[in-house]
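Let me begin by presenting the structure, written as structure tokens, before commenting on it.
Where a number appears in this text, it was derived from the coordinates with a stated rule and is not lab data. This is a predicted model, so every value here is computed, not measured. All Cβ positions, even for glycine, are placed from backbone atoms using ideal geometry, and neighbour counts span all protein chains on display.
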Amino acid sequence: MRTRSPMFLGNLMEYQSQNRWFVVIMILVMGVIMGRLFQLQVLGGKKYEKLAEINQVRRTRIPPRRGEILDRKGRPLALNIDLYRAVIVPHYVTDVDAVLQRLSMLLLLTDEEVEAIKTRYEDYKDDKKKQFREIVVKRYINGASCPKDGTPLVETTPTPYAWCKTCGEQFIELPAGQSQCPFDGTDLKPAPDNSGMTTCPRCNRQFVQGHQCPHDHTPLVPTEHNLRCPRCQTDYSDTSAVVMAQLHEMDGVFLREETERAYPHGDLFAHVVGYVNEVNREELTTHPDVYRPGDYTGRRGIEKTMEDVLRGKAGEEVTFRDRRGRSMKLLEEEPTLANLKYDPAVPGNNVVLTLDVEVQRILQDATRNQHSVGIVVIDVDNGEVLGMYSSPSFDPNDWAGRLTARRKKEYDDNPFYPMINKAATAFPPASTFKIVTALAALNEGIITVETKINCPGHYDYSGHRFGCYNRYGHGDLELERALAVSCDVFFYRLGEWLGMDRLEQYSKLLGLGRRTGIEIGEDAGLVPSREWHERQSKGGFQPGFTLSTAVGQKDIRATPLQMALVLAQMVNGGHIIHPFLVDSIQDEEGHVVRSLRKEPGENLGFPDRYLKIIDQALVDVVESDEGTAHNTKLESIRFGAKTGTAEARQVKKGVDPYVARWLAEDHAWTIAFAPAQKPRIAVAAIVEHGGYGGSIAGPIVSKVIYKLFSAGLVPNIEENEIWSPASEREDSTGILP
Amino acid sequence: MVTRIRERRFNWNLAVIPVIFLIAVISLINLRNADFYSGDIFHQKQIIWYLLGIIVAIVVAVVDLKLFERLAWPIYIAVAILLLLTLLVGKEVNNSRRWLELGGVNIQASELLKVSVVLLLGNIFKNIRKPEYHTIKTLWKPIVSVLIPATLVLLEPDLGTTLLVLFTSATVILYEGVRFRSVALLLGIILLVVPLSWQFGIIKEYQKNRVRLWLDPDQFKWDEKSKKLLDKTLQPEQARWAIGAGGFLGKGSFQASKTRLKYLPEMQTDFILATYAEEHGFLGCTVLGTLFMILFLWGAYVARTARDRFGVLVAVGITAYMFWQSVMNIGMVTGMFPVVGITLPFLSYGGSSLLSVMVGLGLLMNIGLHRGRV
């Protein structure tokens, strides 16, 4: 190409070398460019091919794992279950009918459900934004744990079930004439609606004869369940695993993980542990960096008060999605991507309570024959709450997001108020309060051990006649006997001499009239004072109020927890304790992050002998034939108690006659401590509208005491203090060596 | 006495026409494919621009070159005024003013500048005596003439075109021959000016970000405020992945990743190469590169064989402009150069860009056919 025109102008020769340079530089630069393309396309081909699959890089929030709530022995009371939720995202669905057909068989969807999903799909699929929304196909698909209580599922031989596509119910087909449950042999009960269906009252499975659904006669579709919860005996399938295996054949279907909160012990710890449910709009706006829609937060009990500890912190992870919306795992990530900031989620910490499952069971069992009971057991030396139970109770699993309208109505309609924690609700303490009056009187020097007062069965004061429960009177009594028989007149006199102000003072000193500081909701109770009466009572304060208060009736209010606290402080040598439910916060491995135990406080300063007098009097309540709780005496262990019967007769309009009869009764109290010689625990129980304290609450308390000690559930008991069963002792009156 | 020498000369000027034609065809097919992913109909519009462009090019090619020489200054001043107007009353799009609406037509003055500056440089240099090496004394006039409109462009802000104009002008000036000392001095000035303009806001933040992103690609993935991954920062990466995914043979027409390309910003303009590269692979890129190279070499040939200084310099200038623009674009798309809004000649969709290049081709053809004889 080196041609030259003959008409060559000389001075243009000067550009020759520049031209050469120009060409050379252009060639070199182009070479670099091609080299770069070579590097990207030929050398990096495979890697970029993979990376090029990445359609979307998303930062997704990793919700934190909520901490568990454990009892003192580490058993879980509230835990997390991993469940799955099947969803479809319209944008990625290629064949909606095929996908829904498959899903309906895998997930047992009714025709109605499938229709609803299809309609929503049609609605969303053409909208630019909505086509990326997830449409829920089915929730609560189980993983490896039972969705009801978190127990790990076990594999069983596949159980054949039959399923109705119309109503969604599942049945097991039985041969004609079979009347016993094939799983546990229980007699089957026929369904009340004459449909030909039978159920097993024990395992709750439903049976049919023939291949039709008893409700709508749709032919049943066979299916199988091969997993079972060993605890609640419900059958499940490994649905999630099967669906996961088939995801790649179903474009647009995704399995999202969900975590549900479960309470394996059901109603045993309900009032203490509480429950969680979804955050509401208000919480979302006040805590935008903490909560996202769909998060759970504690609503009641420990779940609520320890929310900050249990919740943990959300993290973020980078996920890569391909063009079908599926998450990709990149084997060799381009360094630029690998450096994307990533925050691991911080799981919540576990909360360890002072309660014990076995203690709760004992409490539940002891109170099962009563309609409404609140009972609490505390350690007298350090204030640990060993047990707290309120009956009737509720199942927090119901409230943690799966509450049906029917269930809610059941709770609302229950006249015995299952949602209220009776152990922390204030009632008039009745005669149990007399220990306070007694101690006050001794300490103020108003009476001595020997002071005798006469009880004729009533006492006239300030224009009113105040009756003793024993109309005929107790005759002359001194303090010990007065406590043992719970003479009202004796204490009316003490009250009269002490005066309202001192009664108020001692009550408050011992912890009444204010919250104990326990880590869940509680009543503060009420200690009436002159000033309070001036404000609240018609006609202001009247001297008669002092007498009522002295025997724990009328306006004074205390919770079983408070009474247990008062008693504990009187038997532990007179030092203040602060009841607590939470022992410590631990991490996942069980290392203690922080102890939340509360230390006992200072000594109240009561002379030992006064306390001993009262302690002994309370032992008499049980051991003396006249004692109001002598029917509860145990062979094997000595304990002291005080009974009480709070005037609580109530008349409510329009209630069931059964409930009306119940409401007419007084509240029955018993508080107790054991063992007598070196008190370890204090128990307080109130049976709402139960009747007489000694006869109704007493046996509950004594049974509890017996069971706690015989099961070895009382902590810190030393060898030589352990009671021995009556059979091992020569002396059957229960006097310990 | 005229001796008729029948020279057997290969007329490269005519030989390059099929090459240009081939490039045009490739660009249209590519745009059609790109439209397939994005659902637009740019390729149809581009055909119209091509037709227009061909007409313009032919006109430019046959008109007397002297006309251009004489019009260099007026054109230059007109363009400068237009640039000023653009800055003042131009349409604001994406935080920058690049377009001026005049009588229903959108004019991008910066595109006009690319050719205008070349013409001007040709004019200036033609009229001064060429010393052995130029010094600042002789160069101040061309340099200032370039810097003034370049600054106006920079203020739009349009960093890419500014750089392109500067590179082109530098090439022409260097082609003239400059003493090493002067080059060093110039570089020194640049080294001083760049950090200063970085610091004092002549270079806009988003432009700075682009450079930062190029230097450290990890930096901007996460936007704290909106708590979202910024797709914008992934744009050059996505483009690179698309190119890389092409492999050696490419995926084939219509077989590239639709979802990725569809959401690639500037897919038919700045990043048009991504589509081509993914579809046709390294082989396709080599073919295209070769075609472009032939074009550039032709330009150099025209420069070499031009008879007149004006012709030489304009040829160099036009070739340099096309060359640098292509290099900047491909460099940007492949990650070797920070993202600056520069389109790829011929392949990118865009009327003004195409017309500008067509004018350039017309000039080259003009110079080539007449040997630049003015």
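At q = 0.06, 0.07, 0.10 Å⁻¹, what base-10 log of I(q)/I(0) does the Debye formula yield for the protein assembly as shown when every alpha carbon is treated as an equal point scatterer in vacuo?
-0.71, -0.81, -1.19
Give the long-range amide H neighbours of A:PHE580: residues separated by 5 or more places, or on another chain, with amide H under 5 Å away, using H modelled in the peptide plane at 1.01 Å from N.
A:GLU384, A:VAL385
Just counting partner chain Cβ atoms within 10 Å, what average do the residues of peptide B:328-338 show around their Cβ?
On the way: counts 0, 0, 5, 4, 0, 3, 6, 3, 4, 0, 0.
The shielding value for this peptide is 2.
Using only the Cα atoms of segment B:261-361, what do you get for the radius of gyration and for Dmax, in Å?
14.6, 50
Go through B:336-343, A:597-604, A:116-123, A:172-179 and give me the packing order, highest mean Cβ count within 10 Å leading.
Values: B:336-343: 22.0, A:597-604: 13.1, A:116-123: 14.9, A:172-179: 11.6.
The packing order, highest mean first, is B:336-343, A:116-123, A:597-604, A:172-179.
With everything on Cα atoms, drop me the angle between helix A:434-443 and the longest principal axis of chain A, reported from 0 to 90° to the nearest 10.
Helix A:434-443 sits roughly 70 degrees off the main axis of chain A.
For A:LYS652 and A:ASP365, what does the FRET efficiency come to when R0 = 22 Å and r is the distance between their Cβ atoms, rounded to the nearest 0.05? Don't skip to the end; give the middle numbers.
Working: r = 30 Å, r/R0 = 1.36.
It comes to 0.15.
Grab the beta carbon distance between A:ASP187 and A:HIS215, set R0 = 30 Å, and tell me the FRET efficiency rounded to 0.05. Kindly include the intermediate steps, with their values, before the conclusion.
Numbers: r = 23 Å, r/R0 = 0.76.
It comes out at approximately 0.85.
Enumerate by residue number the trypsin sites (Lys or Arg not before Pro) in segment A:640-714 meeting two conditions: DSSP loop (anything except H, G, I, E, B), and at most 11 other Cβ atoms within 10 Å of the site's Cβ.
Values: sites: A:LYS642, A:ARG649, A:LYS652, A:LYS653, A:ARG661, A:ARG680, A:LYS703, A:LYS707; in loops: A:ARG649, A:LYS652, A:LYS653, A:ARG680.
Filter output for segment A:640-714: A:ARG649, A:LYS652, A:LYS653.
Could you work out, residue by residue across B:318-324, how many beta carbons of other chains sit within 10 Å of that residue's beta carbon, and then give the average as an integer? All intermediate terms of the calculation are to be shown ahead of the outcome.
Details: counts 0, 3, 2, 0, 0, 5, 2.
For peptide B:318-324, the averaged partner shielding equals 2.
Can you work out the Karplus-derived ³J(HN,Hα) for every residue in segment B:57-68? Use 6.51 cos²θ - 1.76 cosθ + 1.60 with θ = phi - 60°, whole Hz, and x for glycine or proline.
Running phi through 6.51 cos²θ - 1.76 cosθ + 1.60 with θ = phi - 60° gives 4, 4, 4, 4, 5, 9, 5, 5, 4, 4, 4, 5 Hz.
Taking amide H positions as placed 1.01 Å from N in the peptide plane, with prolines and chain starts having none, which residues 5 or more places from A:PHE466, or on another chain, fall under 5 Å of its amide H?
A:TYR459, A:ASP460, A:TYR461
What does a probe at A:GLU602 reach in segment A:545-582, counting residues whose amide N is under 12 Å from the point 7 Å along Cα→Cβ?
A:576
If you take each beta carbon of peptide A:17-23 and count the beta carbons of other chains within 10 angstrom, what is the mean?
6
With 26 Å as the limit, write out which pairs from A:LYS118/A:LYS313; A:LYS73/A:LYS598; A:LYS422/A:LYS508; A:LYS118/A:LYS148 have Cα-Cα distances beyond it, or answer none. Each step should come with its number before you reach the end.
Details: A:LYS118/A:LYS313 37 Å; A:LYS73/A:LYS598 19 Å; A:LYS422/A:LYS508 21 Å; A:LYS118/A:LYS148 29 Å.
As for pairs spanning more than 26 Å Cα to Cα, those are A:LYS118/A:LYS313; A:LYS118/A:LYS148.
Please work out the FRET efficiency for the pair A:ASP308 and A:VAL32, using the Cβ-Cβ distance as r and a Förster radius of 45 Å; give the result to the nearest 0.05. Write out the running numbers ahead of the final one.
On the way: r = 59 Å, r/R0 = 1.30.
For A:ASP308 and A:VAL32, the calculated efficiency is 0.15.
Once phi is turned into θ = phi - 60°, what whole-Hz ³J(HN,Hα) does the Karplus curve with 6.51, -1.76 and 1.60 give for every residue of segment B:22-38, x standing for Gly and Pro?
The phi angles translate into 4, 4, 4, 4, 4, 5, 6, 4, 4, 5, 4, 5, 5, 5, 4, 6, 9 Hz.
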